[in-house]
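The numbers here are math on the coordinates, done by the rules we state, and not lab data. If you're wondering where the values come from, they're calculated on a predicted model, not measured in any experiment. Note that each Cβ is placed from the backbone with ideal geometry, even for glycine, and that neighbours are counted across all protein chains shown.
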Amino acid sequence: MDEKRKRAMSHKRRIRNLTSLCGLSAIILAVSTYAWFTGLQDVSVGTFQVEIAAADSMQLSLNGQDWSESLTFTKDDLTTKAYSATSFNWPSNGLVPVSSIGDMDSNSSRMVMYEKASMTTTPGGYRLIANKVANTSGAYEGVQGQNGFLAFDLFIKNFSGTAYFTENNVANEEAIYLTPDSKVSIGSSGIASSGIQNSVRVAFAQIGRVSAFNNTASQITGITCSDAGSAEDTSYVTGICRKAQIWEPNDTKHVATAINWYTKSCKKRTAADLVDASYTGTCNTVTDGNYYNTYAIAKEINATDKVDVYDGRDYNSYETSITNGSLKAVDYFTDTEKNLKGVSRPTFMTLAPASITKVRVYVYIEGQDIDNFDYASAGQQIQVNFGFTKQRFTSDDVGVTEGELYNNLPTAVHPTASR
């Protein structure tokens, strides 16, 4: 086979398989989860593998020093590929549902999350008490010793352009899209009818960035939410710390058991007191195929706040605890948006040209999701696949076929790291 044909075939495979900026695939979490409405139980998490691929103008790293177009790692070798033992959090004791609206703690450069402290049954559901997860102080990020979520730092080097913009301004950044084949599903040994896959969230928190021509690993890994260094050289850190972009897969999917659980336990609330007299009828109907807001925890909740897990117009129509800030309807990036076509396809996030961006990735179970209920833990195994692309249009959008058009596309030029 001649060299030209080899290059054409290689490029064709890139078009098909490496259109993503970075893709995380085959994260398999074998879990016996804590459901939001249950007490403690034994949990376990199996091994998983992360595979990340980059497009031609991108390189990836876990330590700010070793760069490549693809990464593969498991729990066991994160300790050798990540830049420190505190740069990732592996849920070794199981996935414990938490709740977040994506706010960032600028002092620790971590996403703010909450966990349930107590749950008391009420005539119309469950009274919720919530504490802030202790992940925003110290070097270790965990859930009261339970390590209830997956988190790791990913560095993305973007070689587009030649000028680095020191200011934190999205107008100077490139649009990135979530690939249409991104999905969260039950693994081969799990139970799909449990619906646990429908309450998984994947959050992407951009911490900060430096020039793509910075070759000092300690400066790259040391990126925080704060501006630092001299704007006159490549050491300058542009703090980002925007609210995390949270992806909600399976946003319109609800298994029958979850719907039945909700129907049995939720009653319409009409007053602040959680007593029989304050509930007057059934809650709003939930049906498979329709989207419903998740009213995630936005601050610590005490018993005196009298918050019910079903508070919100989509469920029991009670708004007081939302308007006072205890719960908020989260504006997720959903699968429905991911699947939009052509010019309707929305941007997932933006990245600056000629930059290295530190992104903290979180995979967790949202406890306030309507699909998270007692028996959802029977699912046991979750598989997460996602990727990013700079291409707004897919081949289907523009009618590209596997003919000469693929074979004659020009080969992309790779700038050198020393540029």
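For this structure, a couple of remarks:
- Estimated at 0.36 nm per residue, the fully extended path between SER108 and SER395 surpasses their Cα-Cα distance by 99.2 nm.
- Cα point-scatterer Debye curve for region 214-271, base-10 log of I(q)/I(0) at q = 0.19, 0.23 Å⁻¹: -0.82, -0.98
- Entry for region 326-374 at q = 0.14, 0.21, 0.27 Å⁻¹: log10 I(q)/I(0) = -0.63, -1.05, -1.13, Debye formula applied to identical alpha-carbon scatterers, no solvent contribution.
- Reachable aspartates and glutamates, given that their alpha-carbon falls under 18 Å from the alpha-carbon of LYS157 and they are not under 8 places away in the same chain: GLU51, ASP56, ASP66, GLU69, GLU167, GLU173, GLU174, ASP233
- Convex hull per residue volume in Å³, alpha carbons only, for region 234-374: 151
- Within-11-Å neighbourhood charge of ALA329 [Cβ basis; K, R +1; D, E -1]: -2
- Listed residue pairs exceeding 23 Å between alpha carbons, taken from LYS328/LYS358; LYS183/LYS390; LYS81/LYS243: LYS328/LYS358; LYS81/LYS243
- Environment charge of VAL359, counting only residues whose C-beta is closer than 12 Å and scoring Lys/Arg +1, Asp/Glu -1: +4
- Straight-distance crosslink candidates among lysines, where the alpha carbon sits under 17 Å from LYS268 and sequence neighbours closer than 8 are dropped: LYS306
- Cα gyration tensor shape for region 167-255, rounded if a/c is under 1.5, else prolate or oblate: prolate
- Listed by chain and number, the aspartates and glutamates whose alpha-carbon sits under 17 Å from that of LYS338, ignoring those within fewer than 8 places in the same chain, are ASP181, GLU248, ASP251, ASP396, ASP397.
- Region 239-303: proportion of alpha-carbon pairs further apart than 19 angstrom, %: 55
- Summarised as an ellipsoid, region 295-341 has semi-axes of 26, 11, 7 Å, derived from the eigenvalues of the Cα gyration tensor scaled by 5 and square-rooted, with the largest first.
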